Amino acid sequence: MKSLALLFAAALTSSAACAAVDLAAGAATAQACMACHGPGGVSATPEIPSLAGQPDAFLQWQLVFFRTGQRKSPVMQPMAQALKDDDIRNVAAFFAAQKPARPANVSPADPALMAQARKVVAGNRCAACHKDDFSGTQATARLAGQREDYLLKALRDFKSGARNGGAMAAMMEVVAPLADDDLRALAHLLAHL
Ligand code: HEC
Ligand code: HEC
């Protein structure tokens, strides 16, 4: 089941390189998404992630994971099940092309939390996968400027096993040794990048 979904996702992303992406169709599909994910994919709603500027492949993988049920969400699973392969390619290309931005009204950074998080980041090679500026690449998420509440939820979901990262268990291993106050510090830092 897992390997099937993986093959399927790989086929989706690799064929995206040759198949022409229809950005206008992606923009049309995205209208329904922006009710929750915010105008231009910058979310104003707690625990709903911004999608603007996420790597195209990351967005496609997550939609396939929701569609197959490998990633659980009572909200996103039915949304993704309504998307055909072309819809996924087009809507992912649309959100990947939107300008990432921090949400409005981000609270000022707490220097103690930022310092604690920088140590955890350095000790756990987060930037090796997520890039030095945390803009993400391929199947690895953009984290810079993401909502703090959502980042904390995502980290806790990996820690509890509620989210397993599909076929790539990388994140579960990364968070396993981290304490909850490390997760809170990390979410704070990344939201302020
Ligand atoms: C009713 C609200 C709602 C709508 C409409 C909605 N989403 Fe979501 N979406 C969510 C929530 C909530 C999550 C976070 C799920 C979680 O906590 O794991 C999410 C997560 C995602 C993620 C994972 C992002 C990440 O950083 O991990 C993607 C990709 C996504 N949605 C794409 C879409 C697309 C594309 C559409 C439109 C076709 C859409 N969503 C419509 C609520 C919504
Ligand atoms: C070995 C590579 C690797 C390392 C190291 C790594 N990550 Fe990740 N991370 C990933 C991948 C791949 C994903 C996408 C997982 C998925 O598909 O669900 C991800 C997803 C995430 C997400 C979810 C983002 C979203 O929008 O849903 C967060 C938050 C995150 N990583 C934070 C971190 C932090 C903080 C560290 C360091 C403590 C770290 N990662 C280290 C590979 C890595």
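Would you mind working out the magnitude of the charge dipole of the chain relative to its Cα centre, with +1 at each Lys and Arg C-beta and -1 at each Asp and Glu C-beta, to the nearest 20 Debye? Can you show the working numbers first?
Details: 19 positive and 16 negative charges, 41 e Å.
Approximately 200 debye in magnitude.
Which of the lysines could a cross-linker bridge to residue 119, judged by Cα under 20 Å and excluding same-chain residues fewer than eight apart?
Of all the lysines, those that pass the test against residue 119 - Cα under 20 Å, at least 8 places apart if same chain - are 131, 159.
Using modelled amide H (1.01 Å from N, peptide plane; none on Pro or chain starts), what sits under 5 Å from the amide H of residue 162, excluding residues fewer than 5 places away?
none
Run down the lysines and flag those whose C-alpha is under 24 Å from the C-alpha of residue 84, throwing out any fewer than 8 positions away in its chain.
Straight-distance partners of residue 84: 2, 72.
Whole-Hz Karplus ³J(HN,Hα) for the stretch 172-186, in order, using 6.51 cos²θ - 1.76 cosθ + 1.60 and θ = phi - 60°, x for Gly and Pro?
Those phi angles translate into 5, 5, 4, 7, 3, x, 8, 7, 4, 6, 5, 4, 5, 5, 4 Hz.
How much length, in nm to one decimal, is gained on full extension between residue 119 and residue 84, taken as 0.36 nm per residue of separation minus their Cα-Cα distance?
Details: separation 35, 0.36 × 35 = 12.60 nm, distance 4.24 nm.
So the chain would gain 8.4 nm between residue 119 and residue 84.
Subtracting the Cα-Cα distance from 0.36 nm times the residue separation, let me have the gained length for residue 44 to residue 75 in nm, one decimal. If you can, show how the numbers build up before the last one.
On the way: separation 31, 0.36 × 31 = 11.16 nm, distance 1.69 nm.
Full extension from residue 44 to residue 75 adds 9.5 nm.
Simple spin-label model, 7 Å along Cα-to-Cβ: residue 169 to residue 31 in nm?
Calculated label separation equals 4.4 nm.
Note down the relative contact order for the chain as a percent, whole number, built from C-alpha pairs under 8 angstrom at least six residues apart. Mind dumping the intermediate values first?
Numbers: 279 pairs, mean separation 48.9, N = 193.
The value is 25 percent.
No value in this document is a laboratory result; all are computed from the given coordinates. The shown structure was predicted, so the numbers you read here are calculated from the model rather than taken from an experiment. Methodologically, a virtual Cβ is constructed for each residue, glycine included, from the backbone with ideal geometry; neighbour enumeration extends over all protein chains shown.
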